[in-house]
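Got a structure here, written out as structure tokens. Questions coming.
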Amino acid sequence: MNIVTTRRICQGFFFVLFLWFCSVTTLGGQWWQLRGWPVNWIIQLDPLVGLATLLSTRTVYAGLLWGLVTIVLTIILGRFFCGWICPFGSIHQFVGFLAKRKRSIPEKIKLNRYHPGQSIKYWILIFLLTVSTLELAIDLIRLPETNRLLFGILVLAILTWMILKAVRQTRSNPKKLGFMFLIFMAIWLLLSTLFNGYQTSAASLQIGLLDPIPLVYRSINLVILSLVDRTSVSISTIPRAYDGTWLIAAIFLSAVLLNLTVPRFYCRFICPTGAMFGILSRLAIWRMGKTKNECVDCHLCEKNCEGACSPTSQIRINECILCMNCLNECRHNLMTYQIAPSASGEILAPDLSRRQFLASAVSGAAAIPMLRVSGHLGGNWDPALVRPPGALPEKAFLSRCIKCGQCMRICPTNVIHPAGLQGGLEGLWTPVLNFRLGTSGCQLNCIACGNLCPTAAIRPISIDERLGRNRYAEQGPIKIGTAFVDRGRCLPWAMDRPCIVCQENCPVSPKAIRTREVFNTIDTGSKLIVAKADALYIEFQGTDPGMNQFATGDYYAVVLSSTDHRPRRIVSNWERGLRVADGLPFESPPLPGNRIEIQIRLQKPYVDPKHCIGCGVCEHECPVPGKRAIRVTADNESRTPEHALLLKR
């Protein structure tokens, strides 16, 4: 068995393992459901997730420490993750193989030549990391105002470094170094004054947009498995549907189909994780290279080169993904995997100029403040953005969420969906609750999303904390929002139609939805005049109210021009008469000529914000199609005290 076959087996194993992790991310007690399977392990192996989270939050969620293993192995072996483990990379490699298998050798060699555009992925990496680092950078700029001791230590360290540099370099100009130091300090102090109290630049974690691991998890979980659920090979208990997945599907298909033009297009030109591995691989102990500088320039080693790393000449170590194809293709046995540098020379650094680096960094630094100018994290927040229970406050949430879709996949009622642009561009594909879809609202005894979230953007909570029991009794249950009745669409309020579906389905105890009983007169089309009557029966003069039209138990008869105006419940009616219930007969039967009025008994719902937790069961069960007559908003959510309804009792 040669090394290429070993690599293919390894790729196949990790791809099947990835698919297995996606498919078992469902609640249940069976072996093929979530029963301790480490479904986040491949995400945790991605060091870019851990690094970006560390920069944006200054903490690392425990599971993300697996990324250190990947970093250490990359420093030892090179970019092994891209060529041997990454499931998204395996998809690209397979599709690229199918696309080029009938092409001639010169065509294959041409497709696998290095292209300057491969440096774009480094621009993307710098941009995304700058977005994550922004708040940390702002805090560093503010040091003269916030922590003068630490500021003094840093200034002393910089000054010491500059003095040591001047001593080591015989041609150094002390005056020039001193002037540069003064300029640097002046700029630092000026920026500190400008950014003092500046609040717009909180960090935002956006690596999930293009990081291949969250991207492929999101695409498989929300698109591919949703399609599989609609076949006879259903994985979920019910077919899943997710709002707004067309864009996720379009990006995934575009990335895959681009391999028909250029093999591993995404890996070569876009992938920020690959760019990070490319930077680390320059430190690699083991690397691909030539044993002798005696190449005949047949270029066969480039025929199936997945990284387009120019193995024929000076090999680009940062682009080599260790596909090992060049070992098989070289007929002169010049290519090898070794500790020594390549005999024909190496290019270690990415093809990235200082100007390109600064442009990417400045763009990343400006992106989030520009997006937040609209104030969507302040007074202009969108109340329709209801986050899952346990979600951190919005700024902290956006600094942790990688948009992987794991919470959406595990949700047993299918109410967690990828957000569109209602939370701004930086909130794209983050989890929001859509109570119109799925099988119910957010179940009170479910805490799955928080316990599965790989970055703790939705923190793990217990059932007791969710429901406000035992030691959490004083703080009360976690509220994700509040329901509001739209009286313009509610059947009892707007159309005089009896309906208490929301109140009946409210799972909270005591119920958060209550009703007010009212009797409204209905229009029967003509006056109902008594012809004759007794204690239970009334017959009308030539009027046809319709057979059993008022026999539902919600209609009542009231005698006008009488001292007894108590409503009597109608139990049946026919073309020209009706019968009232035995429990309240007429003490004095209506007289001929008396007018009868038909009233409907309505229970008009209203919400008690004190008890409503925003579970959304009422919105899901509301019989009004389309825009529900009762809807949940993020008002009064526990995670953001500023969103509290200012009501006192």
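The values are calculated or read from the model by the stated rules, or taken from the named source; none is laboratory data. Keep in mind it's a predicted model, so treat the numbers as computed, not measured. Because the Cβ atoms are built from the backbone with ideal geometry, glycine has one as well, and the counts that use them run over all protein chains shown.
Check off (1) modelled with pLDDT of 90 or more; (2) of a type outside the set (Phe, Trp, Tyr); (3) assigned by TED's automatic domain parsing to the domain that holds ARG268 for ARG355 and give me the number that stays unchecked.
For ARG355, the failing item is (3).
While we're here: Look at region 102-121 and say how many of its residues are β-branched (Val, Ile, Thr), under 18 Å from PRO311 (Cα atoms) and in contact with a helix residue (DSSP H, G or I) (Cβ under 6 Å, 6 or more places away or on another chain). Show your work before the answer.
Within region 102-121, the subset β-branched (Val, Ile, Thr) is 105, 109, 120.
Filter once more, keeping what is under 18 Å from PRO311 (Cα atoms): 105, 109.
Filter once more, keeping what is in contact with a helix residue (DSSP H, G or I) (Cβ under 6 Å, 6 or more places away or on another chain): 109.
Adding up the residues that qualify gives 1.
Can you confirm whether TYR198 is out of contact with any Pro (no Cβ under 7 Å at 6 or more places or on another chain) and at pLDDT 80 or above?
no
Which residue is farthest from ARG8 (Cα to Cα), if the candidates are limited to region 316-340 and must be of a type in the set (Val, Ile, Thr) and under 41 Å from the mean Cα position of the chain (by Cα)?
ILE317
Contact list please: Cβ distance under 9 Å, first residue in region 98-115 and of a type in the set (Val, Ile, Thr), second residue in a helix (DSSP H, G or I) and surrounded by 12 or more Cβ atoms within 10 Å (Cβ to Cβ), pairs at least six apart or on different chains.
Listed pairs, sorted by first residue: ILE105/LEU300; ILE109/LEU300; ILE109/GLU302.
Now, a different point. Can you tell me which residue is nearest to LEU560 (Cα to Cα) among those in region 494-528 that are more than 44 Å from the chain's Cα centre (by Cα) and charged (D, E, K, R)?
Out of the qualifying residues, it is LYS527.
Something else about it: What is the residue count in region 378-403 for residues that are over 25 Å from LEU215 (Cα atoms) and either among the β-branched types (Val, Ile, Thr) or modelled with pLDDT under 85 (or both)?
Number satisfying all stated conditions: 3.
On to the next question. May I ask you to list the residues in region 359-380 that are surrounded by 14 or more Cβ atoms within 10 Å (Cβ to Cβ) and within 25 Å of THR640 (Cα to Cα)?
Matches in region 359-380: ALA367, ILE368, PRO369, LEU371, ARG372, HIS376, LEU377.
Sticking with this structure for a sec: Within region 617-640, is there a residue that is modelled with pLDDT of 90 or more, β-branched (Val, Ile, Thr), more than 27 Å from the chain's Cα centre (by Cα) and in a strand (DSSP E or B)?
No, region 617-640 has no match at all.
Then there is this: Conditions first: (1) assigned to a strand (DSSP E or B); (2) modelled with pLDDT under 90. GLY525 passes all but one, so which condition is the exception?
Result: GLY525 passes all but (1).
Name the single residue that is surrounded by the fewest Cβ atoms within 10 Å (Cβ to Cβ) among those in region 79-124 being assigned to a helix (DSSP H, G or I) and basic (Lys, Arg).
Applying the filter and picking the extreme gives LYS110.
Would you call LEU560 closer than 19 Å to ILE600 by Cβ and more than 60 Å from the chain's Cα centre (by Cα)?
Taking the combined requirement at face value, the residue satisfies it.
Quick check on my filter: what residues within region 500-518 are more than 16 Å from GLU621 (Cα to Cα) and assigned to a loop (DSSP other than H, G, I, E, B)?
SER509, PRO510
Looking at region 234-250, I want the residues that are assigned by TED's automatic domain parsing to the domain that holds SER23 and farther than 15 Å from PRO412 by Cα and have a partner that is of a type in the set (A, V, I, L, M, F, W, C) and assigned to a loop (DSSP other than H, G, I, E, B) with Cβ atoms under 8 Å, at least 6 apart or on another chain. Which pairs are those?
Correct list of pairs: ASP243/LEU437; GLY244/ALA419; ILE248/TRP429.
Looking at region 282-299 only, could you name the residues that are more than 27 Å from ILE75 (Cβ to Cβ) and of a type in the set (Val, Ile, Thr)?
Passing the criteria: only VAL296.
Assigned to a helix (DSSP H, G or I) and surrounded by fewer than 22 Cβ atoms within 10 Å (Cβ to Cβ): which single residue out of LEU283, LEU247 fits that description?
Just a single option satisfies the conditions, and that option is LEU247.
So ARG355 fits all but one of (1) assigned to a loop (DSSP other than H, G, I, E, B); (2) more than 21 Å from LEU111 (Cβ to Cβ); (3) charged (D, E, K, R); what number is the exception?
The failed condition is (1).
Only one of CYS309, CYS326 is crowded, with 21+ Cβ neighbours inside 10 Å, closer than 18 Å to ILE105 by Cα, without any contact (Cβ under 8 Å) to a residue 40 or more places away in the chain and assigned by TED's automatic domain parsing to the domain that holds TRP84; which? Walk me through how you get there before you give the answer.
Working: CYS309 fails: without any contact (Cβ under 8 Å) to a residue 40 or more places away in the chain.
After ruling out the rest, the residue left standing is CYS326.
Next up: Being buried (at least 21 other Cβ atoms within 10 Å of the Cβ) and either over 21 Å from GLY67 (Cβ atoms) or among the basic types (Lys, Arg) (or both) narrows it down to one residue among PRO239, PRO263, PRO272; which is it?
Numbers: PRO239 fails: buried (at least 21 other Cβ atoms within 10 Å of the Cβ); PRO272 fails: either over 21 Å from GLY67 (Cβ atoms) or among the basic types (Lys, Arg) (or both).
Unique residue meeting the criteria: PRO263.
Right, next: For residues that are in a loop (DSSP other than H, G, I, E, B) and touching a Phe, Trp or Tyr at 6+ places or on another chain (Cβ under 7 Å), scanning just region 538-593, find the one that is nearest to GLU517 (Cα to Cα).
PRO567
For LEU64, are the conditions met, namely being free of Cβ contacts under 8 Å to residues at least 60 places away in the same chain and farther than 18 Å from GLY274 by Cβ?
Values: free of Cβ contacts under 8 Å to residues at least 60 places away in the same chain: no; farther than 18 Å from GLY274 by Cβ: yes.
It is false that LEU64 is free of Cβ contacts under 8 Å to residues at least 60 places away in the same chain and farther than 18 Å from GLY274 by Cβ.
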